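Comments concern the structure below.
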Amino acid sequence: MADLAIRTLPLAGAHGGSASVRLEPAQPARRISLRAGAEAVAALSTALGVNLPTEPRTSASNDSRTALWLGPDEWLVIDEGAVDLNDSGTGVANGLINAAAGTGVAHSATDVSHRNTAILVSGPAAADVLNGGCPLDLSLKAFRVGACARTLFGKIEVVLLRTGEQNFRLECWRSFSEYAFGLLRQSAEDL
Amino acid sequence: MTSYRIKGAGRLTPARTARFTFDGKIYTALEGDTVASALLANGVHLMGRSFKYHRPRGILSAGAEEPNALLDVARDAARRQPNVRASVQEVFDGAIIQSQNRWPTLGFDISSINNLLSPFFAAGFYYKTFMWPREAWAKLYEPIIRRAAGLGVAPKEEDPDHYANRFAHCDVLVAGAGAAGLTAALSAAETGASVILVDERAEVGGALLFDTSVTINGQSGYDWAQGVLVKLAAMPNVRVLTRTTVFGYYNHNFIGLVERVTDHMPRPDKLLPRERLWQVRAKKVVLATGAIERHMVFANNDRPGILLASAARMYLNHYGVAVGSRIGVYTAHDSAYEAAIDLKKAGVEIAAIVDCRAKPGDAVVSAARNLGIEVLTGYSVIDTAGRLRISSMTVARNSSTNHRKIAVDALLMSGGWTPSVHLFSQSRGKLKFDAENQRFLPNIYAENSISVGACNGTDDLNALLTEASAAGGGSVSVSGDSAFTWTGGMIGAAEGAGKDTTVKAFVDFQHDVTAKDIRLAVREGMHSIEHIKRFTTNGMASDQGKLSNMHGLAIAAEVLGKEIPQVGLTTFRAPYTPVTYGTLIAHSRGDLFDPARKTPLHAELTKAGAEFEDVGNWKRAWYFPRRGEDMHAAVNRECRTAREVAGIFDASTLGKIEVVGPDAAKFLNLMYTNAWDNLKPGKCRYGIMTREDGFVYDDGVVGRLAEDRFHVTTTTGGAPRVLHHMEDYLHTEFPDLKVWLTSTTEQWAVIAVQGPKAREIIEPLVEGLDLSSEAFPHMSVAECTVMGVPARLFRVSFTGEVGYEVNVPADYGASVWKAIWERGEALGACLYGTETMHVLRAEKGYIIVGQDTDGTVTPDDAGYGWAVSKKKTDFVGIRGLKRPDLMRSGRKQLVGLLTADPLEVLEEGGQIVADPNEPKPMTMLGHVTSAYWSENLGRSIAIALVADGRARMGQTVYIPMKDKTIAATVSDMVFFDKEGGRIHG
């Protein structure tokens, strides 16, 4: 039997921030891109153990699992529970996909655990730092805790989730993560 | 040197000094001085030379409208900026300041000969003179004009500063922090609205900085303003940005600001950005931009020492500097009297107030006369004298020829006030002309904005405060008092501007446009203000005619015999004042210029010595040179080794789309020319995608993983647009299909292993799959486990050899790559890059969409007619392919080319002809799309688009080059292993 493969994380060793903001790569997580029509929402919510939100710019969480509304038929489901080797891959190994498949309703659940990576931005200046590249209104009034959006950060597409008054999770595709982290770092220094 | 600093005047702290140099000489300033106030305090008025005539010029204003005193301000060689307005730039300790547009010195400038030659430089000079001969334009005229034109010189060094960007939203954005802006901001803030208050100066107060006669709520105007600032700064819903200019007003209340963060600091923290671009979306915009004083248009009104009356007041009351010791005033407006009164009270001699009006306001006249100032009403200044500084003014009673020369060392002028409607105008608001006061005012709004105060023509202080408070949406209790009520004002040429053609009465100081130039333009047939502007360049300098537009318009109207509104006004455009490129670029420099996308294997490729090439935003391994190898040698070795042993290639950038749903096959049937419903799970098929017009759009291998799940691959460059193309059709044409698309390009690291030993290399790493050709033949796909990781394994080939593409979740890519390479290396395999990939596929005649096709090639043109299903009744492009032009014979087709000299490698893009001796223009048959040296074949190969190519097999065609003509034979596109046996192993 061959050696087991080991993981290399896209932002391994990245660090940055300032007195008023902390930047850190998030831990690996299981993620699926979930697509389905309105008629499948109830069944999929039950199967995944999280109520798929149907309002724009909202998310719902249950335990380690968060479902982010990205479009009328699209969610990003992130499970931050402990990741073990066999559960982080694809196909049958992916519990989320299996759970969704069990519903029997028409949908698409695709593993994007490794496509995306995330950066955690936290601290009193978190919103200002993000506004260095993100044109959204990130005031608490307009983007409350739990709000999420697929938006722009500098020149790239990201999914932004507010996890606390001063905490954000920025999800992006892995090859853009170096740029995203660099722009966050620069933006943090520029405050 | 005499100091013009008046003890007790102004608001700067005498103990806090800063030293700077101007043209090499050391001067002392006070902290808070602008370059202008610091030089004036030292008695320096001469600060530059004019653009065209190189006339000596001094400071004219105390604000953003400054047209004359444009200086070069530096910290060091790289941090140097030309054309900085002396009235805006704050002095910092160690500043190196130089004058511009003069040689050898500011006092003695050779090019001032242009002033004497000025009859030749009349308006339209360039248009008339440099027309002929035509050829001379590019080689002679343009270089000379370019060298002579422009005031400053940009630094050649890279800018070591960095620039920031910030997006922001607010309920109310207030532009201008004078009496009106502060009131509006406070009013809005007290309602709980989020407010951004912006002012271009270092301190808030606007006109209150110089107008010391104003009291508000019982305080001096200045103190009231600072009190409001303290209040605002303490409110969490308010952001006050000073040293910040609102430069652009765009659609839907999108506002551009530039904040000058460090330009005033002697030793700024390196981490601080020099400037910050703010991109603000405001629900409502309050424009409180004030007004700009007009100069008077009369003969030689541009000598150093001649400046705006309000500027002199600002220098005295804020900076504590007298602009002269014996000062004259020439005015058409009461406000200039206040400057004279303030200066007189500070102990400065006022030679005379010359008022071209017969009846100025009684109050100001008696106040001035009570102080012993001579007031000449119904008089004009008809000329001035003095070489590098004004020495006298010549005055005369209007319509009289009796002159009187009065010695002065400074002359203040005021033609009244022009409301600053620039931002309103940028917002596409429509102006109306206020004939009584000779000014344009905001009329019809295009955005949710409101103008308050002087920019709205509201002159009365209490009316202004009430208006501003209401505009803020709340109600602030505020009332004030002002010493005088202003009246008067004029636009156009004053008495003394001269009707003749020799007098230089400047309208536009920065572009050296005089009253006679405007008249000449009208005489030469320019009747539209747009034509007059372009012919004379009036208002086209970097100050955008803040001082000159209204005067130019009035003079044109007078000559045309029309009313001002009939002549029209040119449109103000962003930016309000010049903005550095650094600010507009903000973060987008260096590593942040554009994302550099790296594959999960990048670090491994780098360790293995890869040279990279850019493919879109991706960094792709190009080739892997060994010690002593150039690219050619490395690629030859890689090509040979891949066919003899095996090659290992990073194919991670390959576009991947997961197509899932009960209608997945149905959807692919519609998107590709091939049929998909008969593809069995576990099998792959090469697919061609056409656009509606029938031309090839993309290609790639599609694997069916399950009845309802396909793994689609696209070209690297095509990945995003193919996904969008599919989504577009899914949303607009086939919305009833139950199928969804997900980009999985980055989910997988893809390692291609190609060559006779490919199976031997990967076999021990793969579990749960029989890799034998019988069990897992060419064009198979399976889910399996590689090194304990769930993987998708494809048996596909882009080389014509036995090939596998190992897909593992991206984070595992590097680890799996290392293991595969360890085995491959031991067996004699090589790593290869995109260059070898290109050669190997060309040897097999596999096309690359976008290189061999160009958007005008059908599947049949490409030799892939077999991939178009004859049975399907519908797919995107089916009707396009039936267009007569796409079905006719003689179309360009992809074929192979073999050069007569096997060592000759054709150039991609080379044109192909049948008869090399045909006179030009020759009949082009097509062009070379791919050409390589094939080490495996020991000769060059090429692919080309040739008219009726397949019918020309064996014929000789010619590729004329610059220095020779190359003969080549049309051949089949498959050059290597024509039978195709190797791929099956």
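Taken together, the values in this text are just the output of simple stated rules run on the coordinates, not laboratory data. Note that this is a predicted model, so its numbers are computed, not measured. Because the Cβ atoms are built from the backbone with ideal geometry, glycine has one as well, and the counts that use them run over all protein chains shown.
The stretch between B:THR969 and B:ASN448, if pulled fully straight at 0.36 nm per residue, gains 180.5 nm over its current Cα-Cα span. Helix A:177-189 versus the longest principal axis of chain A: what angle, 0 to 90°, nearest 10, using Cα atoms? Tilt of helix A:177-189: around 30 degrees.
Amide H contacts under 5 Å for B:ASP355: B:THR331, B:LEU376, B:THR377, B:GLY378, B:TYR379, restricted to partners 5 or more places along the chain or on a different chain, H placed in the peptide plane at 1.01 Å from N. Of all aspartates and glutamates in the structure, those lying under 16 Å Cα to Cα from B:LYS432, and not within fewer than 8 positions of it along the same chain, are B:GLU563. Looking at the range B:607-685, the trypsin sites (Lys or Arg not before Pro) that sit in a DSSP loop and have at most 12 other Cβ atoms within 10 Å of their own Cβ are B:ARG626, B:ARG627.
Once you reduce the range A:13-85 and the range B:407-444 to the center of their Cα atoms, the two points are 56 Å from each other. Pairs exceeding 28 Å between alpha-carbon atoms, taken from B:LYS619/B:LYS962; B:LYS284/B:LYS430; B:LYS25/B:LYS533; B:LYS598/B:LYS738; B:LYS405/B:LYS533: B:LYS619/B:LYS962; B:LYS25/B:LYS533; B:LYS598/B:LYS738; B:LYS405/B:LYS533. Here the 3J(HN,Hα) profile of the range B:266-271, calculated from phi with Karplus coefficients 6.51, -1.76 and 1.60 at θ = phi - 60°, is x, 9, x, 4, 4, 6 Hz, Gly and Pro shown as x. With no solvent and one point per C-alpha, what does the Debye sum give as log10 I(q)/I(0) for the range A:142-191 at q = 0.19, 0.29 Å⁻¹? For the range A:142-191 at q = 0.19, 0.29 Å⁻¹, log10 I(q)/I(0) is -0.66, -1.13. Between the Cα long axis of helix B:461-471 and the first principal axis of chain B there is an angle of about 20°, rounded to the nearest 10.
Length gained on full extension, B:MET961 to B:SER542: 146.0 nm, using 0.36 nm per residue less the C-alpha separation. Measuring r between the beta carbons of A:GLU74 and B:SER588 and using R0 = 30 Å, the FRET efficiency lands at 0.50.
FRET efficiency for the pair B:THR873 and A:ASN62, taken as 1/(1 + (r/R0)^6) with r the Cβ-Cβ distance and R0 = 45 Å, rounds to 0.45. A straight Cα-to-Cα reach below 19 Å connects B:LYS872 with the lysines B:LYS666, B:LYS680, B:LYS882, residues fewer than 8 places away in its own chain not being considered. Across the range B:772-789, the residues whose backbone nitrogen lies under 14 Å from the label position 7 Å along the beta-carbon direction of B:LYS680 are B:774-782. For the Cα atoms of chain B, what angle does the longest principal axis make with the long axis of helix B:813-827, in degrees from 0 to 90, nearest 10? Relative to chain B, helix B:813-827 is tipped by roughly 40 degrees. Computed log10 I(q)/I(0) for chain B at 0.05 Å⁻¹: -0.49, from the Debye equation with unit scatterers placed on every C-alpha and solvent omitted. Projecting label points 7 angstrom from Cα along Cα→Cβ for B:ARG950 and A:ALA19 puts them 7.4 nm apart. Placing a label point 7 Å from the Cα of A:ILE6 along the Cα-to-Cβ line, the residues of the range B:796-812 whose backbone N sits under 16 Å from it are B:811-812.
Phi-derived couplings, Karplus 6.51 cos²θ - 1.76 cosθ + 1.60 at θ = phi - 60°, listed residue by residue for the range B:291-299: 9, 10, 5, 8, 7, 9, 9, 8, 4 Hz, with x used for Gly and Pro.
The stretch between B:MET265 and B:LEU937 holds 235.1 nm of extra length on full extension. This uses 0.36 nm per residue minus the Cα-Cα distance.
With a 10 Å cut-off around each Cβ of A:101-108, the average count of Cβ atoms from other chains is 3. How about the range B:456-521: which trypsin sites (Lys or Arg not before Pro) there are in a DSSP loop, with at most 14 other Cβ atoms within 10 Å of their Cβ? Taking the range B:456-521 and a limit of 14 other Cβ atoms within 10 Å, the loop trypsin sites (Lys or Arg not before Pro) found are B:LYS499. Model label points for B:ASP693 and B:ASP614, set 7 angstrom from Cα along the Cα-to-Cβ axis, are 2.8 nm apart. Residues of the range B:727-746 with an amide N closer than 20 Å to a point placed 7 Å from the Cα of B:LYS882 along the Cα-to-Cβ direction: B:733-734.
The trypsin sites (Lys or Arg not before Pro) of the range B:826-924 meeting both criteria, a DSSP state outside H, G, I, E and B (loop) and at most 16 other C-beta atoms within 10 angstrom of the site's C-beta, are B:LYS870, B:LYS871, B:LYS872, B:ARG879, B:ARG888.
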